[in-house]
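Heads up: the structure comes next, in structure tokens.
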Amino acid sequence: MDPHGRVVIITGASSGIGAAAARAFAEAGANVVLAARSAEKLQTLAAGLPGRPLVLPTDVSDEGQARSLVERTLAERGRVDILVNNAGVGLAGPIAALNPRDLEQALAVDLLGPLYTTQAAVPAMRRQGRGQIINVSSVVGLQALPYLGGYAAAKAALDRLTEALRMELRGSGIAVTLLRPGTTSTGFSTRRLGSGKERRRVSPRGVPPEVVALALLRAARREPRLAYVSLADRLRVALAILFPGLTQWALSRAFSWEEK
Ligand SMILES: NC(=O)c1ccc[n+]([C@@H]2O[C@H](COP(=O)([O-])OP(=O)(O)OC[C@H]3O[C@@H](n4cnc5c(N)ncnc54)[C@H](OP(=O)(O)O)[C@@H]3O)[C@@H](O)[C@H]2O)c1
């Protein structure tokens, strides 16, 4: 749908892709609702955006807060047209030594957060007869990378949840889109959970978050089932599907692990 005049909730709006998406949607005429934990960063962002952005500090891993994000949006703006589940946290570490508590936390943000907001938004979208849920996953949801398996598992679970939701909402007027970005130049890897750092023989150059934001805007307008940010991401995923053995052999040679 055309985002102009629509109420668009964006989680993880305090930095990176979410902040760029907030700017892109606000400039396209949407009434954006900005959610993340850092209230101050959201206020600063909102002050520079056109329209009447609504700032709702939220920890999406807290069920009550995630549901209240949608409820307060409905109370203040009367509807929710597009829900962008973008908030996320990374997790690095060898699976054999992964701290299960870190994985629980990653799952709470990357999987349960989108579940809570979706469960709160679907009844309102059903009443409206229209809506869209966009879940921001990652190319690693389809092909894990060594030492990023916990994060990849959280995104893979989000992918399956999104697929099931799309089938269940067929015919309801609610579109469900999965966006799979590749490496993006944000501070994401500096904020992730885990005990060290993976070393890569070749480090991919990330795309700017504004490019991912444009892909989100496109996804809102076209409502695809699945969206990628770049052709390179699409090709990488296709290679992993067509040649899984070769892909995993190459990836295992390209990565090593360094404890902090
Ligand atoms: N960067 C990449 O290479 C890349 C690639 C593929 C997919 N992605 C995905 O893109 C999304 C955005 O990542 P990014 O690159 O923009 O990273 P980022 O700059 O670190 O942004 C993450 C956002 O999520 C918010 N967040 C984290 N935990 C939260 C929680 N418990 N409740 C609410 N908000 C929370 C953060 O805000 P607060 O800290 O203020 O809460 C921040 O606004 C994530 O889902 C990530 O998995 C990123």
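Look through the range 179-188, keep the residues that are assigned to a loop (DSSP other than H, G, I, E, B) and among the polar types (S, T, N, Q), and return whichever of them is least open to solvent (accessible area, probe 1.4 Å).
Initial filter on the range 179-188 (assigned to a loop (DSSP other than H, G, I, E, B)): 181-183, 185-187.
The next check asks that each one be among the polar types (S, T, N, Q); those that pass are 183, 185-186.
On the way: T183: 64, S185: 68, T186: 46 Å².
The qualifying residue least open to solvent (accessible area, probe 1.4 Å) is T186.
Return the residues of the range 120-135 that are within 16 Å of the ligand (Cβ to nearest atom) and either aromatic (F, W, Y) or open to solvent by 10 Å² or more (accessible area, probe 1.4 Å) (or both); say none if nothing qualifies.
To start, the set of residues in the range 120-135 that are within 16 Å of the ligand (Cβ to nearest atom) comprises 120-121, 133-135.
Residue satisfying the conditions is A120 alone.
Among R205, R221, R234, which is assigned to a helix (DSSP H, G or I), open to solvent by 50 Å² or more (accessible area, probe 1.4 Å) and more than 19 Å from A156 (Cα to Cα)? Write out each step before concluding.
Details: R205 fails: assigned to a helix (DSSP H, G or I); R234 fails: more than 19 Å from A156 (Cα to Cα).
After ruling out the rest, the residue left standing is R221.
Is it true that some residue in the range 171-193 is of a type in the set (F, W, Y) and under 23 Å from Y228 (Cα atoms)?
First pass over the range 171-193, keeping only residues of a type in the set (F, W, Y): 188.
Filter again for under 23 Å from Y228 (Cα atoms), leaving 188.
Checked the range 171-193: at least one residue is of a type in the set (F, W, Y) and under 23 Å from Y228 (Cα atoms).
Given (1) in a helix (DSSP H, G or I); (2) open to solvent by less than 40 Å² (accessible area, probe 1.4 Å); (3) not aliphatic (A, V, I, L, M), where does P146 come up short, assuming only one miss?
For P146, the failing item is (1).
Pairs please, first residue from the range 222-239 and without any contact (Cβ under 8 Å) to a residue 40 or more places away in the chain, second anywhere and assigned to a strand (DSSP E or B) and surrounded by 14 or more Cβ atoms within 10 Å (Cβ to Cβ), Cβ atoms under 6 Å, 6+ apart in sequence or on different chains.
Pairs found: R234/Y228.
Count, please, the residues in the range 1-27 that happen to be modelled with pLDDT of 95 or more, more than 15 Å from the ligand (Cβ to nearest atom), assigned to a loop (DSSP other than H, G, I, E, B) and open to solvent by less than 20 Å² (accessible area, probe 1.4 Å).
Number of matching residues: 1.
What's the number of the only condition in (1) crowded, with 23+ Cβ neighbours inside 10 Å; (2) within 9 Å of the ligand (Cβ to nearest atom); (3) within 14 Å of the chain's Cα centre (by Cα); (4) not polar (S, T, N, Q) that I82 fails to meet?
Of everything listed in (1) crowded, with 23+ Cβ neighbours inside 10 Å; (2) within 9 Å of the ligand (Cβ to nearest atom); (3) within 14 Å of the chain's Cα centre (by Cα); (4) not polar (S, T, N, Q), I82 misses just condition (2).
In the range 29-48, what count of residues is obtained for those that are more than 10 Å from the ligand (Cβ to nearest atom) and open to solvent by less than 20 Å² (accessible area, probe 1.4 Å)? If you could, list the steps in order and put the result at the bottom.
Just the residues of the range 29-48 that are more than 10 Å from the ligand (Cβ to nearest atom), to begin with: 29-33, 43-44, 46-48.
This time we only want the ones that are open to solvent by less than 20 Å² (accessible area, probe 1.4 Å), so: 30, 32-33, 46.
So the count comes out to 4.
Could we say that P114 is open to solvent by less than 10 Å² (accessible area, probe 1.4 Å) and at pLDDT 95 or above here?
Working: open to solvent by less than 10 Å² (accessible area, probe 1.4 Å): yes; at pLDDT 95 or above: yes.
So P114 fits the description; yes.
So if I check each of V176, V140, which one is more than 22 Å from E71 (Cα to Cα), of a type in the set (V, I, T) and either within 16 Å of the ligand (Cβ to nearest atom) or buried (at least 22 other Cβ atoms within 10 Å of the Cβ) (or both)? Show your work before the answer.
Values: V176 fails: more than 22 Å from E71 (Cα to Cα).
Matching residue, one of V176, V140: V140.
Can you name every residue in the range 149-171 that is under 17 Å from the mean Cα position of the chain (by Cα), surrounded by fewer than 19 Cβ atoms within 10 Å (Cβ to Cβ) and of a type in the set (K, R)?
R160, R166
The values are calculated or read from the model by the stated rules, or taken from the named source; none is laboratory data. What you are looking at is a predicted structure, and each value in this text was computed from that prediction instead of being measured. Quick reminder, even Gly has a Cβ in these numbers, built from the backbone with ideal geometry, and neighbours come from all protein chains shown. Just so you know, the surface numbers come from the protein's heavy atoms only, side chains and all, with ligands and any DNA or RNA stripped out. Shrake-Rupley method; radii C 1.70, N 1.55, O 1.52, S 1.80 Å.
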